[in-house]
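Data first, discussion second: the structure below is written as structure tokens.
The values are calculated or read from the model by the stated rules, or taken from the named source; none is laboratory data. Owing to the predicted nature of the structure, the values given are computational and were not obtained by experimental measurement. Positions of Cβ are generated from backbone atoms using ideal geometry, with glycine treated the same way; all protein chains shown enter the neighbour counts. Just the protein is used for accessible areas: all its heavy atoms, side chains included, with ligands, DNA and RNA removed. Shrake-Rupley method; radii C 1.70, N 1.55, O 1.52, S 1.80 Å.
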Amino acid sequence: MIKIKRFIFSDKDMLHLSNYIRTKVFVEEQLVDPGLEYEFEEQGNFYLLYFENIPIATARWRETEKGIKLERFAMLKEYRNQGFGSKLLAEVMKDVLPMNKKIYLHSQINAVTYYERAGFVKKGKMFIEADIKHYLMEYDAEKMVCQT
């Protein structure tokens, strides 16, 4: 059974669970500097995806001067490529779409097709962030209308 819970920075118990997943994925697996990984926390709107009552994935979004930025999508290794990420992204999109603002993200190069399937398009050239190759991607509602 899948359950997705929303929370904010002040919910320290939920934040601890989210940070555990992010530490495993970004800090330990991908060697991201923790100082970079945990910036802008107070501004975040967070999600935890539970599978059979185990927290296995997390994400956040925050409002910036450019629009709504989706960030920190992380899933424990053993649960990847099973459709959980799509469910988490769909839940986040359900919350941010009604805001009628630009929705964007910085996708690691290996996740570009995942975001493309959800209606995001690459913008500009590849860049390096936290020593990892990324693309700026923006949500294109027109593209999703054409696919349905």
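Open to solvent by 30 Å² or more (accessible area, probe 1.4 Å), of a type in the set (A, V, I, L, M, F, W, C), closer than 28 Å to ASP11 by Cβ and out of contact with any strand residue (DSSP E or B) (no Cβ under 8 Å at 6 or more places or on another chain): does that describe ALA141?
Details: open to solvent by 30 Å² or more (accessible area, probe 1.4 Å): yes; of a type in the set (A, V, I, L, M, F, W, C): yes; closer than 28 Å to ASP11 by Cβ: no; out of contact with any strand residue (DSSP E or B) (no Cβ under 8 Å at 6 or more places or on another chain): yes.
The answer is no for ALA141.
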Exactly one of (1) without any contact (Cβ under 8 Å) to a residue 60 or more places away in the chain; (2) of a type in the set (A, V, I, L, M, F, W, C); (3) surrounded by 16 or more Cβ atoms within 10 Å (Cβ to Cβ) is unmet by ILE54. Its number? (3)
Scan (1) more than 20 Å from GLN30 (Cβ to Cβ); (2) in contact (Cβ under 8 Å) with a residue 12 or more places away in the chain for the single condition LEU105 breaks and write down its number. (1)
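How many residues does the stretch 115-135 hold that are on the phi < 0 side of the Ramachandran plot and either of a type in the set (D, E, K, R) or open to solvent by 90 Å² or more (accessible area, probe 1.4 Å) (or both)?
Looking only at the stretch 115-135, we keep the residues that are on the phi < 0 side of the Ramachandran plot, and these are 115-118, 120-123, 125-129, 132-135.
Add one more test, that the residue is either of a type in the set (D, E, K, R) or open to solvent by 90 Å² or more (accessible area, probe 1.4 Å) (or both), and what stays is 116-117, 122-123, 125, 128-129, 133.
The qualifying residues number 8.
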State whether the residues of the stretch 31-46 include one that is closer than 21 Å to GLN82 by Cα and open to solvent by less than 60 Å² (accessible area, probe 1.4 Å). no
Consider the stretch 74-114. How many of its residues are open to solvent by 40 Å² or more (accessible area, probe 1.4 Å) and closer than 24 Å to GLY124 by Cα? 9
Taking the conditions exactly as written (within 25 Å of MET1 (Cα to Cα), exposed (fewer than 13 other Cβ atoms within 10 Å of the Cβ), of a type outside the set (Asp, Glu) and free of Cβ contacts under 8 Å to residues at least 60 places away in the same chain), does LYS66 satisfy them or not? no
Filter the stretch 1-30 down to residues that are within 15 Å of ARG60 (Cβ to Cβ) and either touching a residue at least 40 places away in the same chain (Cβ under 8 Å) or surrounded by 12 or more Cβ atoms within 10 Å (Cβ to Cβ) (or both), then give me how many there are. 18
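Looking for something hydrophobic (A, V, I, L, M, F, W, C) and at pLDDT 95 or above - is there at least one such residue anywhere in the stretch 60-67? Walk me through how you get there before you give the answer.
Keep residues of the stretch 60-67 that are hydrophobic (A, V, I, L, M, F, W, C), which gives 61.
Those left that are additionally at pLDDT 95 or above: 61.
Scanning the stretch 60-67 turns up at least one residue that is hydrophobic (A, V, I, L, M, F, W, C) and at pLDDT 95 or above.
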